[in-house]
Amino acid sequence: MPRAILGAMVGGSLAISGAAFQGLFRNPLVSSGILGVTSGAGFGAALAIILFHATAPIYISAFFFGGLAVLLSFLIGRIYHTTPIIMLVLGGTIVSSVFSALISFTKYVADPTNELPSIVFWLMGSLASARYQDILVAGIPMLIGTLGLITIRWRINVLSMGDKEAQTLGIDTRVNKCIVIVCATLATAGAVCVSGIIGWVGLVIPHIGRMLVGNDNRLLIPTSFSLGACFLILVDNLSRIITGSEIPLGILTALVGGPFFVYLLKRTKGGGW
Amino acid sequence: MPLLEVKHIFFGYDQRDVLQDISFQVNQGEIFFLLGPNGCGKTTLLDCVLGLLRLKGGEIYLNGTNINGIKPSIIARQVAYVPQSHEKTFPYSVTDIVLMGRAAYIGIAGSPSGEDLDIVDEALATVGILHLRNRRYTQLSGGEGQLVMIARALAQKTSLIVMDEPTAHLDYRHELVIMETIVELVRETGLSILMATHFPNHAFYFENNDIATRVTLMNDSRFMTAGSATEILTEANLKSIYNVNAQVFTHHLDTHHQIRQVVAISTSKLNRNPGYPIDTMGRG
């Protein structure tokens with residue numbers, strides 16, 4: 001049971017942040033990890049695995065480094081005093097690759113008999129260790145972030161017109177961008193620190209949402225949350241049923257989601273792109 | 001009191017001055033044209049009026065209020081913007097796009113209400129595209145898309161609309177459709193328009209339609225003059241600003257109506273020297 005609840009929250013948080021970032025960055029190819037939160041969290045977890053060998057420090061370290069990565073991306077993006085979208089994306093790409101290199105480094109120095117497998121499994125994503133106390137701890141940032149994004153969801157429509165037009169429409173783009181980024185980061189970092197890196201959900205679930213309800217974020221944001229939640233529960237059950245030992249989630253999400261996405265693409269003719 | 005009053009403004013990026021000591025006014029029910037060569041600072045000036053840039057000096061008053069440091073939502077209730085070309089991203093419906101014109105009136109956590117939807121329908125009807133309301137705006141033609149942008153500006157319920165070359169990239173007919181729409185708007189609602197354009201004939205078009213029209217020519221970060229299209233868009237002025245030989249023609253449609261147009265004849269070849277002494281090169 002805790003596993004199902006956690007699965008729903010993680011799936012929903014990843015999908016809703018992905019949808020929000022796609023709107024904010026005006027780019028359908030962006031996912032919840034665009035500002036480096038996943039690679040940052042991955043490095044945080046790997047570091048904690050090497051140093052502490054315990055669960056609690058992994059959560060804290062993953063969450064901390066996930067947030068730090070986004071902050072760094074944001075600071076790089078602010079070089080020109082404003083934060084144009086293209087600079088944010090560039091900042092995110094730089095920070096992501098630096099943390100990916102750091103992850104490789106921790107793998108390189110890890111003890112190959114026990115630490116290295118833990119790191120590798122963590123990076124592939126799993127809900128196997130879920131307990132009720134995890135829901136309490138990681139649930140708070142996920143809940144805050146998710147509720148924040150649901151509250152501001154119509155503003156994401158306006159932000160997707162681009163900085164200049166959004167500002168002339170009467171929106172303080174700086175403040176609104178910050179709110180979206182903080183909320184999406186809280187939700188994603190909360191999700192990643194308990195579940196490891198689960199790809200695909202934050203990129204493709206929002207698109208499945210677009211095919212079903214259209215592009216208006218008033219509908220798309222809540223729809224993405226519920227689709228992400230259902231999808232991850234489904235995949236998590238599959239991962240336990242298919243073989244005797246569990247298949248890591250990061251592998252299955254892509255294996256299950258890929259064909260389903262292609263099927264939907266054919267059914268709905270792509271939603272107007 | 002003028003609707004928009006720009007007083008001695010200065011603006012520049014780093015070391016480069018873009019606007020130097022520019023002053024002008026736009027009155028109620030008037031269309032004000034900015035003309036000038038590429039890179040003379042037209043768009044920058046419009047951005048200043050929209051409150052997007054921080055001035056280096058001078059003041060801009062909208063309805064008597066200095067816009068310096070005012071919240072975007074307050075500015076957006078006074079002045080709306082129609083972009084030159086809107087970069088389409090997600091396939092929103094036309095209604096969704098025009099609804100965004102209501103953002104200045106809706107709180108950060110709010111969503112548009114039924115009343116906002118009524119305003120959207122009214123704006124779409126005003127520009128004559130109510131039948132497109134449920135279409136995806138990514139599938140519209142360029143001209144229809146620009147009408148959507150004008151409807152969005154109307155939904156902001158402002159007394160001034162700033163337009164940056166609103167007919168760029170449009171075909172022969174749609175350029176005229178946009179101009180006719182703007183003429184009707186100014187005539188029927190008493191809106192004021194501040195428009196940057198590359199075509200002197202746009203200004204003549206409004207003057208031919210008996211709309212209060214003023215024109216200014218911009219060059220090298222400064223304003224040359226402001227006045228009616230007939231006063232300003234003379235053959236001599238066009239020659240000095242654009243280096244173009246042009247002729248202004250007046251044609252009588254009937255006893256009551258006459259139209260005035262300017263036709264470009266040739267570029268001034270004599271003035272096409274590169275700005276440095278040619279005989280220092282390739283000598284020998």
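The values are calculated or read from the model by the stated rules, or taken from the named source; none is laboratory data. Computed from a prediction, not measured in an experiment: that's the story for all the values here. Neighbour counts run over all protein chains shown; Cβ positions are idealised from the backbone, glycine included. Ligands, DNA and RNA are excluded from the accessible area calculation, which covers all protein heavy atoms including side chains. Shrake-Rupley method; radii C 1.70, N 1.55, O 1.52, S 1.80 Å.
Some points to look at:
- When the stretch B:56-78 is filtered for residues that are in contact with a helix residue (DSSP H, G or I) (Cβ under 6 Å, 6 or more places away or on another chain) and open to solvent by 50 Å² or more (accessible area, probe 1.4 Å), only B:ARG77 remains.
- For the stretch A:163-181, residues that are within 7 Å of another protein chain (Cβ to nearest Cβ) and closer than 16 Å to B:GLY69 by Cβ total 3.
- All positions within the stretch B:217-241 that are in contact (Cβ under 8 Å) with a residue 24 or more places away in the chain and small (Gly, Ala, Ser): B:SER221, B:ALA226, B:ALA229
- Residue count for the stretch B:82-101, restricted to those that are over 22 Å from A:ILE152 (Cα atoms), facing chain A (nearest Cβ under 7 Å) and touching a residue at least 12 places away in the same chain (Cβ under 8 Å): 1
- In the set A:ALA184, A:ALA138, only one residue is closer than 25 Å to A:ALA45 by Cβ, modelled with pLDDT of 90 or more, open to solvent by less than 10 Å² (accessible area, probe 1.4 Å) and more than 14 Å from every other protein chain (Cβ to nearest Cβ); that residue is A:ALA184.
- Here A:LEU234 meets the list (1) at pLDDT below 85; (2) open to solvent by 80 Å² or more (accessible area, probe 1.4 Å) almost entirely, failing just condition (1).
The rows are residues; the columns are (1) part of a helix (DSSP H, G or I); (2) touching a residue at least 40 places away in the same chain (Cβ under 8 Å); (3) within 14 Å of chain A (Cβ to nearest Cβ); (4) within 14 Å of A:ILE171 (Cβ to Cβ).
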residue	(1), (2), (3), (4)
B:CYS40	no, yes, no, no
B:ASP47	yes, no, yes, no
B:LEU52	no, no, yes, yes
B:TYR61	no, yes, no, no
B:ASN68	no, no, no, no
B:ILE74	yes, no, yes, yes
B:ALA80	no, yes, yes, yes
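- Residue in the stretch B:152-161 that is hydroxyl-bearing (Ser, Thr, Tyr), closer than 21 Å to B:PRO91 by Cα and touching a helix residue (DSSP H, G or I) at 6+ places or on another chain (Cβ under 8 Å) present: no
- Residue count, the stretch A:164-178 (criterion: in contact (Cβ under 8 Å) with a residue 12 or more places away in the chain and in contact with a Leu (Cβ under 9 Å, 6 or more places away or on another chain)): 4
- The stretch B:79-90: number of residues that are buried (at least 17 other Cβ atoms within 10 Å of the Cβ) and either aliphatic (A, V, I, L, M) or modelled with pLDDT under 90 (or both): 6
- Only one entry in B:LEU147, B:LEU176, B:LEU170 is under 19 Å from the mean Cα position of the chain (by Cα), more than 14 Å from B:GLU30 (Cα to Cα) and at pLDDT below 90, namely B:LEU170.
- Screening A:MET211 with (1) within 14 Å of chain B (Cβ to nearest Cβ); (2) under 24 Å from B:ALA103 (Cα atoms) gives one miss only, at (2).
- Filter result for A:ILE156 (in contact (Cβ under 8 Å) with a residue 40 or more places away in the chain, in contact with a helix residue (DSSP H, G or I) (Cβ under 9 Å, 6 or more places away or on another chain) and more than 14 Å from every other protein chain (Cβ to nearest Cβ)): no
- Meets criteria (within 14 Å of chain B (Cβ to nearest Cβ), touching a helix residue (DSSP H, G or I) at 6+ places or on another chain (Cβ under 9 Å) and either crowded, with 21+ Cβ neighbours inside 10 Å or not in a loop (DSSP other than H, G, I, E, B) (or both)) for A:GLY148: yes
- Within the stretch A:218-240, one or more residues are among the β-branched types (Val, Ile, Thr) and within 20 Å of A:ASP134 (Cβ to Cβ).
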